[in-house]
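Beneath this line is the structure, given in structure tokens, with notes to follow.
The values are calculated or read from the model by the stated rules, or taken from the named source; none is laboratory data. Just so you know, these numbers come straight off a predicted model, no measurement behind them. Because the Cβ atoms are built from the backbone with ideal geometry, glycine has one as well, and the counts that use them run over all protein chains shown. The accessibility values were calculated without ligands, DNA or RNA, using every heavy atom of the protein model including side chains. Shrake-Rupley method; radii C 1.70, N 1.55, O 1.52, S 1.80 Å.
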Amino acid sequence: MRIRPSRRGSRPRTKDRPDFSDAVTGRVVAVDRGRWRTVIDAGTDAERSVTAVRARALGRSPIVPGDVVGMTGDTSGRTDTLARIVRIDERSSFLRRSADDDDSTERPLVANATQMVIVTALADPEPRGGMIDRCLVAAYVAGIRPLLCLTKSDLKDPSDFLTTYAPLGVEYVVTHREADGSIAGLDELRQRLGGETSVLIGHSGVGKSTLINALVPGTDRATGHVNDVTGRGRHTSSSALALQLPGGGWVIDTPGVRSFGLGHVTPEELLGAFADLAALEENCPRGCTHAEDAPDCAMDALVEQGAAGPAGPARLASFRRLDDALRKNNPWDL
């Protein structure tokens, strides 16, 4: 009987897998059509940009700007060379969104961010509270500290707008462009970004790219204008880009968004983001929604007694506001 040789050869398969102990560590700064641009040895004389592909062993695991990865192959950074991403290091945070509230498909945005800078214009275009509430939900669930950046304060005083968010205790900075082209408030923003990995989120036309160009000279992110009819901006940043800040830290610019779905977030995850309030849940009846009109909810009395600390009342108001936005479960035209 004739035995047909195996096309895979006669060498037996091994159960040993490479440990990639020699993998070089870098940070993902951009993604473009199946290629990942990374930076190795950032901030040193050996800093270099390396383009890489995904190793088959990683499957469909998302790799996004901000990820710290291990690479093998050609990591020299020479033109027309490719490395291979073989490892994704453990993330300290992972920011996601969905297209709409009724779509549970996750869209990963950035990894390892420590701060979310929610950029909103005070006028032209008018601020939309729904977008801010949703960004806050996503930030709290991901464990990222939020910061409001209010632009175009030369067109409208921020006082009225800030009264809406005062109970939430969210920190903020206010900026506007001066007649000479400089940006007032930029120094304070730069100070808050120093040493952090900050992701900038906001509508098109609110001034994100203008801020990026001022914070990181030479970046030349495209800037656009707001449509006089729709009041919406044109998408000028088409992909997320991580940039090193002079003096330390990273800033990740994201494409302008018109919707920030929360279909991937559960009410339980939201409550878990408010650890001081979650500790009080055991005093509530089973199935309690903790809404303001929820029967027999124990949180109001406990918070009033100081069980959640001096910031308890503001924290409870903040939770209920965000929880209400989440539970509506309808696409929100932002």
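Packing here is the average count of other Cβ atoms within 10 Å per residue, and on that basis the peptides 161-174, 280-293, highest first, run 161-174, 280-293.
Give the carbon-plus-sulfur fraction of the accessible surface of the stretch 60-147 in %, rounded to a whole number; probe 1.4 Å, heavy atoms of protein chains only. Result for the stretch 60-147: 43 percent of the exposed heavy-atom area is carbon or sulfur.
Working note: Karplus 6.51/-1.76/1.60 with θ = phi - 60° gives the stretch 303-310 the couplings 5, 5, 7, x, 5, 10, x, x Hz, where Gly and Pro are set to x. Placing a pseudo-label 7 Å from each Cα along the Cα-to-Cβ vector at Ser239 and Thr44 gives an inter-label distance of 2.7 nm.
Among 315-325, 264-274, the peptide with the highest mean count of other Cβ atoms within 10 Å heads the list, and the full ranking is 315-325, 264-274. One decimal place: the segment Thr163-Arg87 gains 22.8 nm when fully extended, by the rule 0.36 nm per residue minus the C-alpha distance. With the simple spin-label model, which puts each label point 7 Å out from Cα in the Cβ direction, the Asp32 to Glu268 separation comes to 4.3 nm. Solvent exposure of the stretch 94-193 amounts to 42 Å² per residue of accessible area, where only protein heavy atoms count and the probe is 1.4 Å. Once every Cα of the stretch 49-207 carries one equal point scatterer and solvent is ignored, give the base-10 log of I(q)/I(0) from the Debye formula at q = 0.11, 0.12, 0.18, 0.20 Å⁻¹, two decimals. Log10 of I(q)/I(0), two decimals: -0.57, -0.66, -1.11, -1.24. Rounded to the nearest 0.05, the FRET efficiency derived from the C-beta distance between Asp293 and Asp220 at R0 = 51 Å is 0.50. Computed over the stretch 119-201, the range of Cα coordinates on each principal axis works out to 40, 30, 19 Å, biggest value leading. Altogether, the Stokes-Einstein calculation at 4 °C and 1.567 mPa s, with the Kirkwood radius of the stretch 70-155 over Cα pairs as Rh, returns a diffusion coefficient of 82 µm²/s.
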